[in-house]
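Okay, here's the structure, questions in a sec.
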Amino acid sequence: MATMTDYNAPTRDMKFVMQELLGIEPIARLPGFDEATPGLVDAVLEEAARFAGGVLAPLNQPGDRAGSQWHDGAVTTPDGFADAYRQYVDAGWNALPCPPDYDGQGLPEFVATATQEMWQSANMSFALCPLLTAGAIEALLSHGSEQQKATYLPKLVTGQWTGTMNLTEPQAGSDLAAVRCRAAPEGDHYRIQGQKIYITWGEHDCAENIVHLVLARTPDAPAGVKGISLFIVPKFLPDADGNPGERNDVRCVSIEDKIGIHASPTCTMSYGDNGGAVGYLVGEEGKGLAHMFTMMNEARHKVGVQGLAIAERAYQQARWYAGERVQGTPAGYSGSDKVSILHHPDVKRMMLTMRSQIEAMRALSYSASWSMDMSRRHPDADERARHQARVDLLIPIVKGWCTEVGQELTSIGIQVHGGMGYVEETGAAQHYRDARITTIYEGTTGIQANDLIGRKTHRDGGEAMQTLLTEMAGLAAELDASADSGVRAIREPLDTGIQALREAANSVVRTHGENPGATAAGAVPYLMMAGYVCGGALLARSALVARAALDQGSPEKEFYEAKLVTARFYAQHILPRAPALLPAVLAGDDAVGAMPAEWL
């Protein structure tokens, strides 16, 4: 019997997005992806669902209560985590999207995104470990030497070793130009000295070695970001056979006491307390930040998926509770028997607010990974470039919008529980606490928004955004042609949202070059507009797909009819948020600039 803390991966919804809304066949036709057939994808999703629900999810609430523990430089994860990680590695999950040349399975990022959602929903603290490892793999694939790839990638790919990203220092948060960690050349390596903070899974007991990717400055490096280089600093130096050898001069000196993700150790790392940690330069000196951004972009998409995933987990728990809790009589209800609160109109509104935005987030984040695969594997260079432009545009939206909405929805999940949601025993509060970090790490929502207005909208004269808007506007004729009045009703709110976003994008293009402070003041509203409209267009498309399936006599009548209602709810209740944000974008820094910082 299901309980409120169970997790059941929404595989049918995932398959709908992957096979019906976006399509797995174009991905399977890409070079090297011929094995990614619908049958194989179904098998992967079902097996991942069993692992997520049966192994990872039961550890989530106990792990939150116990937390990871630090003692004299060593970190012990909660009971069951090390064993679960061994099962994760033995089952080959870490290697799913990695190149076969390094013992990977070579499946598309599109498929890996679905499994990422499951891991993050089931146990976000656990899933942060392989998330960072995936970023390290991507950075070394793109910028590592052949020797570095041969030494580190096979073990990182399998998950035998884990990876981290070391950017932040006490005086250098988002401003990485202020990094002070030093790297002195010594023969074929460097000696690293300095401190890094907020290092996710920087020390733990789940893997035999940890490969840190560290930003540091060489002695003669110029000031600012041009003086930053990237280094591999392993916990144990690989021996001649590639196995963990001598312990490196790197140590975890403490872990943070945080609001959430208690089982994920957030470490303060000290390098070089006893003469200098051995580090190996990745790529070129002075190009460290550019190299690290390969890892950061990988992580930013996955953090966006975290926003989706934690909202899905909160929705499932709220749905269970609302179906079990008998309280009051719904407005307009004429029966004499008591019913669950799931029948109350406002509770149904909250549940649909959660459900509709979760479906929009899933479609958006999966569409980004669909384009990632196209940008990397399509045989035509122009098509690769077109999809890369789409990926670049979507990454800050996926990261910023999905995490902000995820935070909103975990809060609604507590509201559905009423007073019981405020009690830790139910577990609803954990999702809210865990979600809070997602809008902060890997670049805050403000940083994502500034990226969207600057590098992703203004720099190309708005071309990538206008291309996307034109595609979305093309849905209008299809919506109008539907015989279903509910589908046709989506058209007007979608058009209004598209027009508002187009006006906002044009304003950014006109204004940003001359007055970047004005566009920065309205950047987050612009990002949120983009998310709401992109989500609305994808749900409009899902309504068309669902209507077609019903017209063709699909036996899954309830599933597809629910898709139609969900899309209509989003159009009526969520899409109006987009044009409502337009005045904030257009206002720029009128009031923001008029308020001296000293008055705040």
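The values are calculated or read from the model by the stated rules, or taken from the named source; none is laboratory data. Owing to the predicted nature of the structure, the values given are computational and were not obtained by experimental measurement. Here Cβ is always computed from backbone atoms with ideal geometry, including for glycine, and neighbour counts include all displayed protein chains.
Please enumerate the residues belonging to the range 434-450 that are over 26 Å from A504 (Cα atoms), not β-branched (V, I, T) and not in a loop (DSSP other than H, G, I, E, B).
Matches in the range 434-450: D434, A435, R436.
Can you give me the number of residues within the range 425-443 that are of a type in the set (D, E) and in contact (Cβ under 8 Å) with a residue 40 or more places away in the chain? Explain how you work it out, then say what you get.
Pass one, the range 425-443, residues of a type in the set (D, E): 425, 434, 442.
Narrowing the set further to residues that are in contact (Cβ under 8 Å) with a residue 40 or more places away in the chain leaves 434, 442.
So the count comes out to 2.
Any residue at all in the range 196-208 that is in a strand (DSSP E or B), free of Cβ contacts under 8 Å to residues at least 60 places away in the same chain and among the hydroxyl-bearing types (S, T, Y)?
Going residue by residue through the range 196-208, those that are in a strand (DSSP E or B) are 196-200.
Cutting the leftovers down to free of Cβ contacts under 8 Å to residues at least 60 places away in the same chain gives us none.
The answer is no; no qualifying residue exists.
Report whether or not V282 is touching a Pro at 6+ places or on another chain (Cβ under 9 Å), over 19 Å from F126 (Cα atoms) and β-branched (V, I, T). Step through it out loud before you land on a result.
Numbers: touching a Pro at 6+ places or on another chain (Cβ under 9 Å): no; over 19 Å from F126 (Cα atoms): yes; β-branched (V, I, T): yes.
Taking the combined requirement at face value, the residue does not satisfy it.
Only one of (1) touching a Phe, Trp or Tyr at 6+ places or on another chain (Cβ under 8 Å); (2) in a helix (DSSP H, G or I); (3) farther than 21 Å from A477 by Cα is not met by L550, so which one is it?
Looking at each condition in turn, L550 falls short on (3).
Another question about this same structure. Restricting attention to the range 391-403, does a residue exist that is without any contact (Cβ under 8 Å) to a residue 40 or more places away in the chain and part of a helix (DSSP H, G or I)?
Quick first cut of the range 391-403, residues without any contact (Cβ under 8 Å) to a residue 40 or more places away in the chain only: 391.
Keeping just the survivors that are part of a helix (DSSP H, G or I) gives 391.
Yes: one or more hits.
Within the range 287-298, which residues are touching a strand residue (DSSP E or B) at 6+ places or on another chain (Cβ under 7 Å) and aliphatic (A, V, I, L, M)?
Passing the criteria: L289, M292, M295.
Results for (1) aliphatic (A, V, I, L, M); (2) over 22 Å from A122 (Cβ atoms); (3) buried (at least 24 other Cβ atoms within 10 Å of the Cβ), shown as yes or no for each residue.
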{"position": "E383", "(1), (2), (3)": "no, yes, no"}
{"position": "A389", "(1), (2), (3)": "yes, yes, no"}
{"position": "D392", "(1), (2), (3)": "no, yes, no"}
{"position": "T403", "(1), (2), (3)": "no, no, yes"}
{"position": "E408", "(1), (2), (3)": "no, no, no"}
{"position": "I414", "(1), (2), (3)": "yes, no, no"}
{"position": "G418", "(1), (2), (3)": "no, yes, no"}
{"position": "Y422", "(1), (2), (3)": "no, yes, no"}
{"position": "T426", "(1), (2), (3)": "no, no, no"}
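I've got another one for you. Looking for whichever is at pLDDT below 95 and either part of a strand (DSSP E or B) or not hydroxyl-bearing (S, T, Y) (or both) here; the options are A48, A139. Which one fits? Show your work before the answer.
Working: A48 fails: at pLDDT below 95.
Within the list A48, A139, the selection yields A139.
A follow-up question, please. Taking into account only those residues within the range 571-600 that are assigned to a loop (DSSP other than H, G, I, E, B) and among the aliphatic types (A, V, I, L, M), which is nearest to the chain's Cα centre (by Cα)?
Taking the range 571-600 first, the residues assigned to a loop (DSSP other than H, G, I, E, B) are 575-576, 588-589, 595-596, 600.
Filter once more, so that each one left must be among the aliphatic types (A, V, I, L, M): 575, 595, 600.
Details: L575: 22, M595: 34, L600: 33 Å.
Result: L575.
Only residues that are among the β-branched types (V, I, T), under 19 Å from T162 (Cβ atoms) and surrounded by 21 or more Cβ atoms within 10 Å (Cβ to Cβ): list them for the range 69-119, please. Before the answer, list the steps.
Step one: list which residues in the range 69-119 are among the β-branched types (V, I, T), which gives 75-77, 89, 111, 113, 115.
Remaining after also requiring under 19 Å from T162 (Cβ atoms): 75-77, 89, 115.
Once the filter is applied, which keeps residues that are among the β-branched types (V, I, T), under 19 Å from T162 (Cβ atoms) and surrounded by 21 or more Cβ atoms within 10 Å (Cβ to Cβ), the range 69-119 yields T77, T115.
For L156, are the conditions met, namely being buried (at least 24 other Cβ atoms within 10 Å of the Cβ), in contact with a Cys (Cβ under 9 Å, 6 or more places away or on another chain) and in a helix (DSSP H, G or I)?
Yes.
Looking at S375, S356, S365, S334, which one is among the polar types (S, T, N, Q), in a helix (DSSP H, G or I) and more than 30 Å from A429 (Cα to Cα)?
Working: S356 fails: more than 30 Å from A429 (Cα to Cα); S365 fails: more than 30 Å from A429 (Cα to Cα); S334 fails: in a helix (DSSP H, G or I).
Exactly one of S375, S356, S365, S334 is among the polar types (S, T, N, Q), in a helix (DSSP H, G or I) and more than 30 Å from A429 (Cα to Cα), namely S375.
Still on this model: Taking the residues in the range 160-186 that are without any contact (Cβ under 8 Å) to a residue 24 or more places away in the chain and either on the phi > 0 side of the Ramachandran plot or touching a helix residue (DSSP H, G or I) at 6+ places or on another chain (Cβ under 8 Å) (or both) as candidates, determine which candidate is surrounded by the most Cβ atoms within 10 Å (Cβ to Cβ).
Of everything passing the filter in the range 160-186, A172 is surrounded by the most Cβ atoms within 10 Å (Cβ to Cβ).
I need the full set of residues from the range 553-570 which are among the charged types (D, E, K, R) and either part of a loop (DSSP other than H, G, I, E, B) or touching a helix residue (DSSP H, G or I) at 6+ places or on another chain (Cβ under 8 Å) (or both), in order please. Can you show your working first?
As a first pass, look at the range 553-570 and keep what is among the charged types (D, E, K, R): 556-558, 561, 563, 568.
Correct list: E556, K557, E561, K563, R568.
On to the next question. Just to verify a result, which residue in the range 248-268, among those that are of a type in the set (A, V, I, L, M, F, W, C) and under 30 Å from A429 (Cα atoms), is nearest to the chain's Cα centre (by Cα)? Before the answer, list the steps.
So in the range 248-268, the residues of a type in the set (A, V, I, L, M, F, W, C) come out as 250, 252-253, 255, 259, 261, 263, 267.
This time we only want the ones that are under 30 Å from A429 (Cα atoms), so: 252-253, 255, 259, 261, 263, 267.
Values: C252: 26, V253: 29, I255: 23, I259: 19, I261: 15, A263: 19, C267: 21 Å.
Checking each candidate, the answer is I261.
Given A523, A584, A591, which one is modelled with pLDDT under 95 and either of a type in the set (S, T, Y) or over 30 Å from F16 (Cβ atoms) (or both)?
A591
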